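Structure first, commentary second.
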Amino acid sequence: KNVITQSGTDEPVIASNVVFPIGHILQVKTGTLTSNFNSTTSGAWLDTGLKVAITPSSTSNKVYVQASAINVGNSASGYNVQVSILHYSSSFVASDDNQIFTTPSDRQFNGQGPNPGNDGVARNYCWGGLHSPSTTSEITYVVAVKGEGSGTSRTIYFNHGHSNIALFTCITAMEVVG
(Lines give C-alpha, C1' and ligand atoms only; values in the text may rest on other atoms or scores of the structure.)
Protein backbone atom coordinates (compact mmCIF):
# COMPACT_ATOMS: atom_id res chain seq x y z
CA LYS A 1 0.00 0.00 0.00
CA ASN A 2 1.51 3.33 -1.05
CA VAL A 3 0.96 6.15 1.40
CA ILE A 4 3.15 8.75 -0.30
CA THR A 5 4.22 8.81 -3.92
CA GLN A 6 6.71 11.03 -5.67
CA SER A 7 7.73 11.30 -9.29
CA GLY A 8 11.14 12.78 -10.00
CA THR A 9 11.48 16.22 -8.44
CA ASP A 10 7.69 16.75 -8.11
CA GLU A 11 6.23 17.40 -4.68
CA PRO A 12 5.26 14.22 -2.77
CA VAL A 13 1.57 13.30 -2.94
CA ILE A 14 -0.38 11.59 -0.15
CA ALA A 15 -2.48 8.70 -1.46
CA SER A 16 -6.26 9.11 -1.46
CA ASN A 17 -6.74 5.95 0.63
CA VAL A 18 -4.91 7.35 3.68
CA VAL A 19 -7.16 7.60 6.76
CA PHE A 20 -6.21 10.34 9.19
CA PRO A 21 -7.10 10.07 12.92
CA ILE A 22 -9.94 12.07 14.49
CA GLY A 23 -8.79 15.60 15.34
CA HIS A 24 -6.24 15.78 12.52
CA ILE A 25 -6.20 19.10 10.64
CA LEU A 26 -6.65 18.50 6.90
CA GLN A 27 -6.63 22.03 5.54
CA VAL A 28 -6.36 25.62 6.75
CA LYS A 29 -7.81 28.70 5.02
CA THR A 30 -7.45 32.34 6.11
CA GLY A 31 -9.24 35.55 5.20
CA THR A 32 -8.13 39.07 6.08
CA LEU A 33 -9.65 42.53 6.15
CA THR A 34 -7.48 45.63 5.90
CA SER A 35 -10.22 48.19 5.25
CA ASN A 36 -12.64 49.69 7.74
CA PHE A 37 -16.38 49.03 7.69
CA ASN A 38 -19.17 51.29 8.85
CA SER A 39 -22.91 51.39 8.36
CA THR A 40 -25.95 53.27 9.59
CA THR A 41 -28.15 50.15 9.24
CA SER A 42 -29.35 48.69 12.55
CA GLY A 43 -31.32 45.62 13.53
CA ALA A 44 -29.88 43.33 10.82
CA TRP A 45 -26.70 41.29 10.43
CA LEU A 46 -24.26 43.01 8.05
CA ASP A 47 -21.36 41.39 6.19
CA THR A 48 -18.20 43.28 7.24
CA GLY A 49 -16.12 41.86 4.40
CA LEU A 50 -14.06 39.69 6.79
CA LYS A 51 -14.67 36.17 5.46
CA VAL A 52 -13.11 32.84 4.58
CA ALA A 53 -14.29 29.95 2.37
CA ILE A 54 -13.50 26.26 2.87
CA THR A 55 -14.70 23.04 1.23
CA PRO A 56 -14.81 20.10 3.64
CA SER A 57 -13.66 16.78 2.16
CA SER A 58 -16.18 14.70 4.16
CA THR A 59 -19.65 15.30 5.62
CA SER A 60 -18.45 13.86 8.95
CA ASN A 61 -15.63 16.40 9.30
CA LYS A 62 -15.92 19.58 11.33
CA VAL A 63 -14.62 23.08 10.75
CA TYR A 64 -12.89 25.03 13.51
CA VAL A 65 -13.41 28.74 12.87
CA GLN A 66 -11.54 31.48 14.72
CA ALA A 67 -11.80 35.21 14.15
CA SER A 68 -10.42 38.43 15.52
CA ALA A 69 -12.34 41.69 15.46
CA ILE A 70 -10.67 44.98 16.23
CA ASN A 71 -12.21 48.31 17.22
CA VAL A 72 -15.91 47.58 17.16
CA GLY A 73 -18.13 50.42 18.30
CA ASN A 74 -21.15 52.62 17.77
CA SER A 75 -21.43 56.38 17.41
CA ALA A 76 -24.23 56.59 20.00
CA SER A 77 -23.51 55.70 23.62
CA GLY A 78 -25.82 53.16 25.17
CA TYR A 79 -26.35 51.11 21.99
CA ASN A 80 -24.62 47.78 21.47
CA VAL A 81 -23.06 46.42 18.31
CA GLN A 82 -23.23 42.64 18.19
CA VAL A 83 -20.38 40.76 16.49
CA SER A 84 -20.70 37.14 15.40
CA ILE A 85 -19.48 34.51 12.94
CA LEU A 86 -22.16 33.52 10.44
CA HIS A 87 -22.06 30.97 7.63
CA TYR A 88 -23.63 30.78 4.22
CA SER A 89 -23.34 28.54 1.19
CA SER A 90 -24.50 30.50 -1.84
CA SER A 91 -25.78 33.92 -0.82
CA PHE A 92 -25.54 35.86 2.42
CA VAL A 93 -28.69 35.44 4.49
CA ALA A 94 -28.54 37.76 7.46
CA SER A 95 -30.20 35.69 10.15
CA ASP A 96 -29.63 34.67 13.75
CA ASP A 97 -30.07 31.08 12.46
CA ASN A 98 -26.80 31.41 10.52
CA GLN A 99 -24.67 31.84 13.64
CA ILE A 100 -22.37 28.84 14.00
CA PHE A 101 -22.37 28.57 17.79
CA THR A 102 -25.29 27.31 19.84
CA THR A 103 -25.31 29.51 22.95
CA PRO A 104 -25.38 33.33 22.94
CA SER A 105 -22.34 33.63 25.21
CA ASP A 106 -20.26 31.61 22.75
CA ARG A 107 -21.40 33.20 19.52
CA GLN A 108 -21.67 36.95 19.80
CA PHE A 109 -20.14 39.87 21.62
CA ASN A 110 -21.31 43.42 22.23
CA GLY A 111 -19.43 46.67 21.79
CA GLN A 112 -20.83 50.05 22.84
CA GLY A 113 -20.16 53.55 21.46
CA PRO A 114 -18.79 56.06 20.95
CA ASN A 115 -16.81 55.94 17.69
CA PRO A 116 -13.58 53.98 18.31
CA GLY A 117 -11.78 55.97 15.59
CA ASN A 118 -12.03 59.16 17.66
CA ASP A 119 -10.49 57.91 20.91
CA GLY A 120 -13.82 56.46 22.04
CA VAL A 121 -14.62 53.10 23.63
CA ALA A 122 -13.80 50.17 21.36
CA ARG A 123 -14.02 46.45 21.78
CA ASN A 124 -11.54 43.88 20.48
CA TYR A 125 -12.39 40.18 20.28
CA CYS A 126 -10.79 36.88 19.40
CA TRP A 127 -13.02 33.82 19.55
CA GLY A 128 -13.75 30.57 17.78
CA GLY A 129 -15.47 27.25 17.87
CA LEU A 130 -16.22 24.01 16.09
CA HIS A 131 -18.94 23.90 13.44
CA SER A 132 -20.43 20.67 12.03
CA PRO A 133 -21.59 21.71 8.54
CA SER A 134 -22.34 18.13 7.30
CA THR A 135 -21.48 19.03 3.72
CA THR A 136 -18.77 18.69 1.10
CA SER A 137 -19.87 21.91 -0.57
CA GLU A 138 -17.99 25.16 -0.09
CA ILE A 139 -18.99 27.08 3.03
CA THR A 140 -18.20 30.73 3.63
CA TYR A 141 -17.83 32.04 7.16
CA VAL A 142 -18.21 35.78 7.68
CA VAL A 143 -17.74 38.07 10.65
CA ALA A 144 -20.94 40.09 10.77
CA VAL A 145 -22.15 43.00 12.90
CA LYS A 146 -25.64 43.98 13.98
CA GLY A 147 -26.57 47.33 15.50
CA GLU A 148 -28.98 47.28 18.40
CA GLY A 149 -32.47 48.60 17.77
CA SER A 150 -33.60 50.84 14.94
CA GLY A 151 -34.75 54.37 14.34
CA THR A 152 -31.83 56.08 16.07
CA SER A 153 -29.27 57.92 13.98
CA ARG A 154 -25.93 56.25 14.66
CA THR A 155 -23.05 54.59 12.87
CA ILE A 156 -21.66 51.09 13.47
CA TYR A 157 -17.86 50.91 13.25
CA PHE A 158 -15.74 47.82 12.59
CA ASN A 159 -11.95 47.67 12.12
CA HIS A 160 -11.47 51.41 12.67
CA GLY A 161 -8.25 52.89 13.92
CA HIS A 162 -7.61 56.50 14.91
CA SER A 163 -8.67 58.97 12.17
CA ASN A 164 -10.45 56.16 10.29
CA ILE A 165 -7.23 54.26 9.54
CA ALA A 166 -8.08 50.62 8.85
CA LEU A 167 -6.51 47.91 10.98
CA PHE A 168 -5.77 44.25 10.23
CA THR A 169 -8.27 41.54 11.21
CA CYS A 170 -8.43 37.91 10.22
CA ILE A 171 -10.59 34.79 10.21
CA THR A 172 -9.27 31.23 9.94
CA ALA A 173 -11.13 28.03 9.07
CA MET A 174 -9.58 24.60 9.65
CA GLU A 175 -11.06 21.31 8.49
CA VAL A 176 -10.83 18.78 11.33
CA VAL A 177 -11.31 15.03 10.88
CA GLY A 178 -14.52 14.24 12.76
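Here's how it looks for H131: its modeled amide H is under 5 Å from those of V63, Y64, V65, which are all 5 or more places away or on a different chain. Using the Cβ-Cβ distance between T135 and T40 with R0 set to 45 Å, the FRET efficiency works out to roughly 0.80. Amide hydrogen proximity for Q27: with H placed 1.01 Å from N in the peptide plane, the residues at 5 or more positions away or on another chain lying under 5 Å are E175. Taking the Cα atoms of the range 8-67, the ratio Rg/Rh between the radius of gyration and the Kirkwood radius comes to 1.14. The stretch between H24 and Q6 holds 4.2 nm of extra length on full extension. This uses 0.36 nm per residue minus the Cα-Cα distance.
Annotation: peptides 23-30, 68-75, 9-16, ranked by per-residue average of other Cβ atoms within 10 Å with the highest first, follow the order 68-75, 23-30, 9-16. Annotation: peptides 31-38, 49-56, ranked by per-residue average of other Cβ atoms within 10 Å with the highest first, follow the order 49-56, 31-38. In this structure the amide hydrogen of G161, modeled in the peptide plane, comes within under 5 Å of the amide hydrogens of A166, L167, none closer than 5 places in sequence on its chain.
The 1.4 Å probe gives accessible areas that order H87, H160, H131, largest first, as H87, H131, H160.
Across the range 33-43, coupling constants 3J(HN,Hα) worked out from phi with the 6.51/-1.76/1.60 Karplus curve, θ = phi - 60°, read 9, 10, 10, 8, 10, 8, 7, 9, 7, 10, x Hz, and Gly and Pro carry x.
The values are calculated or read from the model by the stated rules, or taken from the named source; none is laboratory data. Remember, it's a predicted structure, so these values are computed and weren't measured experimentally. FYI the Cβ positions are ideal-geometry reconstructions off the backbone, even for glycines, and counts take in every protein chain you see. When the accessible area is computed, the model is the full protein with side chains, heavy atoms only, and any ligands, DNA or RNA have been set aside. Shrake-Rupley method; radii C 1.70, N 1.55, O 1.52, S 1.80 Å.
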